[in-house]
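Only the coordinates and a few stated rules stand behind these numbers; no lab work does. Model, not experiment: these values are computed from the prediction. Methodologically, a virtual Cβ is constructed for each residue, glycine included, from the backbone with ideal geometry; neighbour enumeration extends over all protein chains shown.
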Amino acid sequence: MALAAVVLLGVAPSTLSEFNLSLLGKFLTYAIVALGLDLIWGYGGMLSLGQGLFFAIGGYAMAMYLKLEASGKHLPDFMDWSGATSLPAFWQPFHSPVFAIAAAILLPALVAGIVGFLIFRSRVQGVYFSIITQALTLIASILFVGQQAVTGGTNGITDLKTIFGMSLNDAHTQKNLYLFTAVMVLVSFLFCRMLTMSRFGRILVAIRDDENRVRFLGYNPVVYKTIVFSIAAALAGIAGALFVPQVGIISPAAMDVVPSVEMVVWVAVGGRGTLVGAILGCLLVNWGKSVFNDNYPDQWQYFLGGLFVVTVLLMPDGVVGAGRRLMTWINRRRALPLALRSAPVAAPETEQVGGGH
Amino acid sequence: MNSRAITETILDIEGVTVSFDGFKAIDGLDFRLQQGEVRFLIGPNGAGKTTLLDIITGKTKPIAGKIVFDGKHDLRRWPEYARVRHGIGRKFQTPTIFSSLSVWENMEAAIGMNDTPLGLLRKMTSTETDRVQSTLKTIGLDRRAQERAGTLAHGQKQWLEIGMLLIQEPKLLLLDEPVAGMTRRDRDLTGELIVEIARTRSVLVVEHDMDFVRKFAHWVTVLHTGKFLCEGTVEQVQNDPRVIEVYLGRTPEGVH
């Protein structure tokens, strides 16, 4: 199945229209965010409502480089409008694409590392963790809107023209960006899989099950939670950096409440605790969103909320979990002799974490 | 007490007081455990037995007193996980295993205590695998290694937890009501397991079940309202008028 998915994503450029391909490319960047969120929430039990912040940091880092490339020797246009006369010092290193890309990955990881360490060390858990991450994201959003001269304010950073000298409007460039994003989804997936299949992954699940017990097993949960929160942030940063050249804009809107909540819905719908579910849920929900938006643009948020409620109530382990349950049920029916078929079927396995040794 | 005994003290608690909003769960308690000793701790409800285990493992912090581990370590400076790494293992009252992991994975989690997060990305060494296998055999779960721990029977969960402790090779093992909720047969098996474990380490057992205590305990300490009441053999303790008095009004045999 995984192979089929890879092949499908590989042939997409030759079959999809330019518009749909760019849409799929955007969704794939989201899928990387979803993988990270699944890692911390599905496996580690930490529901972050602040992944939009890390996505935005990655996006801004990349956008700063692209904006400088687009502006050439001039000051970026929004700085000009705000009356700035010279490039702020912290913008200078973003002339280098290597620095920009490194920043897109490391800056979110660093922010998550510091914030996470402080939160986890105080043993803040559950809904309080969610609230803090959400609040942090909103604060950052206000900060970005307020500092118009260096961040582009509400509009964000837009009007980007080229990447490494290639035009962003060129179909060929967009196709390459799409392919690169698809590869990054695969790399991220394999990386997360390696983590979750290892003993590190077991400790993560153990922390989700019973953090105190893990402490009394001789581990410091703070270390593990901080590491995995940083990894998830880095993945969101990578996603943001891939998003910007494909969509052409990053703005504080990425740090609103809704995007971060939507990210949670992707993972919930797909099935948290299964990496495939995170990707699948992300693509499904976003595809639904684009279809929905074409027909009833105003109702999407109601639908999203409804979807979340229905998922939580009826499919607590998402599409993947429901599918798995259905398969188990069918297999058991098949295995049973005819006379026993009306007998109740034992509760199937509902959660998928780790697997053998 | 001669000087040799002092150097072999694994746990030395002096004048420890624990207060919960003014209520003294433990009140100026002195307690000493020798290397390789198996000690049973009994006392009526609210005597402070579990609280004593809590201050040894770091779950609760005392407001006064000293806790010295292995003759030289002042335990109060260490967070919970550091105490475990230095060799204090604890089995909780209710079986606390990781129910969504398999039996094998639970053991894997236990054995990796001294690994770094990066070290946990590699597989277990063959020595470690062998140790998991042999420990599973000891606790009688070798045939159920791949089963999800949450599906085990109550007694098996307790054993799995003991197995997870064993593989960490603690110097001091604290067992909080290890046979609670077990069938008679399981209780005897657990008792034998404890005797086996105690050959190579110090064990402190909190237990309510007097049948079990009679069968497996040599030396018993009785706590009452957070204070030391008396200690001795099971027989001495049971015939001690002070013990009879504190248990009076409840069943004389203790809570069962």
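Here are some notes:
- Comparing B:160, B:101, B:223 in a Gaussian network model of chain B where C-alpha atoms under 10 Å apart are linked, the largest mean-square fluctuation is found at B:101.
- Cβ crowding within 10 Å, taken as a proxy for footprinting-reagent exposure, orders A:203, A:227 from fewest neighbours to most as A:227, A:203.
- Taking label points 7 Å from Cα along the Cα-to-Cβ direction, residue A:253 and residue A:149 give a separation of 2.7 nm.
- Between helix A:18-37 and chain A: long-axis angle, C-alpha atoms, 0 to 90°, nearest 10: 70 degrees
- Within the shell defined by Cβ-Cβ distances under 15 Å, the residues around residue A:149 carry a net charge of -1, with Lys and Arg each +1 and Asp and Glu each -1.
- Among B:27, B:21, A:294, sorting on how many other beta-carbon atoms sit within 10 Å of each Cβ, with the fewest leading, yields B:21, A:294, B:27.
- Principal axis box of the protein assembly as shown, alpha-carbon based, largest edge first, Å: 92, 72, 46
- Along principal axes, Cα extents of chain B, largest first, whole Å: 55, 40, 40
- Span from the segment A:1-59 Cα centroid across to the segment A:285-305 one, whole angstrom: 18 Å
- Segment B:189-213-segment A:129-172 distance, computed between alpha-carbon centres (Å): 63 Å
- Three semi-axes describe the equivalent ellipsoid of chain A; taken as square roots of 5 times the Cα gyration tensor eigenvalues and ordered largest first, they are 37, 25, 18 Å.
- Loop sites here are trypsin sites (Lys or Arg not before Pro) outside DSSP states H, G, I, E and B with no more than 11 other Cβ atoms within 10 Å. The longest part of chain A free of them is A:74-340.
- 10 Å beta-carbon shell around residue B:212, net charge (K/R +1, D/E -1): -1
- Averaged over peptide A:222-230, the number of partner chain Cβ atoms lying within 10 Å of each residue's Cβ comes to 1.
- Relative contact order, percent, chain A [alpha-carbon distance under 8 Å, six or more residues apart]: 30 percent
- Taking the Cα centre of chain B as reference, the dipole from Cβ charges on Lys and Arg (+1) and Asp and Glu (-1) amounts to some 420 debye.
- With the charge dipole of the protein assembly as shown set up from +1 on Lys and Arg Cβ and -1 on Asp and Glu Cβ about the Cα centre, the Cα lying farthest toward the positive end among the listed residues B:190, A:232, A:320 is that of B:190.
- Dipole of chain A, positive end: most advanced residue of A:34, A:220, A:106 [Cβ charges, Cα centre]: A:220
- Dipole size of the protein assembly as shown about its Cα centre, with +1 on Lys/Arg Cβ and -1 on Asp/Glu Cβ: approximately 800 debye, rounded to the nearest 20.
- The calculated FRET efficiency for residue B:21 paired with residue B:121, based on their beta-carbon distance and R0 = 45 Å, is about 0.50.
- Exposure rule at most 10 other beta-carbon atoms within 10 Å, DSSP loop trypsin sites (Lys or Arg not before Pro): chain B longest free segment: B:73-198
- Sparse-neighbourhood loop sites, chymotrypsin sites (Phe, Trp or Tyr not before Pro) in segment A:1-76 - DSSP loop, at most 12 other Cβ within 10 angstrom: none
- The angle between the Cα long axis of helix A:199-209 and the main principal axis of chain A comes to about 80°, on a 0 to 90 degree scale.
- Distance between segment B:70-125 and segment A:232-273 - C-alpha centres, whole angstrom: 35 Å
- Cα-based helix-to-principal-axis angle, A:2-15 vs chain A, degrees rounded to 10: 40 degrees
- Most mobile listed residue (B:138, B:190, B:127) in chain B, GNM with C-alpha springs under 10 Å: B:127
- Cα point-scatterer Debye curve for segment B:1-115, base-10 log of I(q)/I(0) at q = 0.23 Å⁻¹: -1.38
- Residue-averaged beta-carbon neighbours from other chains (10 angstrom radius) around B:79-90: 4
- Taking other C-beta atoms within 10 angstrom as a stand-in for reagent exposure, A:204, A:75 fall in the order A:75, A:204, fewest first.
- Positive-end ranking of A:134, A:65, A:201 along the dipole of segment A:18-340, with charges on Cβ about the Cα centre, is headed by A:201.
- Number of partner chain Cβ atoms within 10 Å, mean per residue of A:204-216: 5
- DSSP bridge orientation in the protein assembly as shown - percent antiparallel, rounded to nearest 5: 55 percent
- Computed over chain A, the per-residue total of -39500 (n - 2.57) for DSSP H runs of n ≥ 4 gives a 222 nm mean residue ellipticity of -23000 deg cm²/dmol, rounded to 500.
- Remark: segment B:1-136 carries a charge dipole of roughly 120 debye about the Cα centre, counting +1 on each Lys and Arg Cβ and -1 on each Asp and Glu Cβ.
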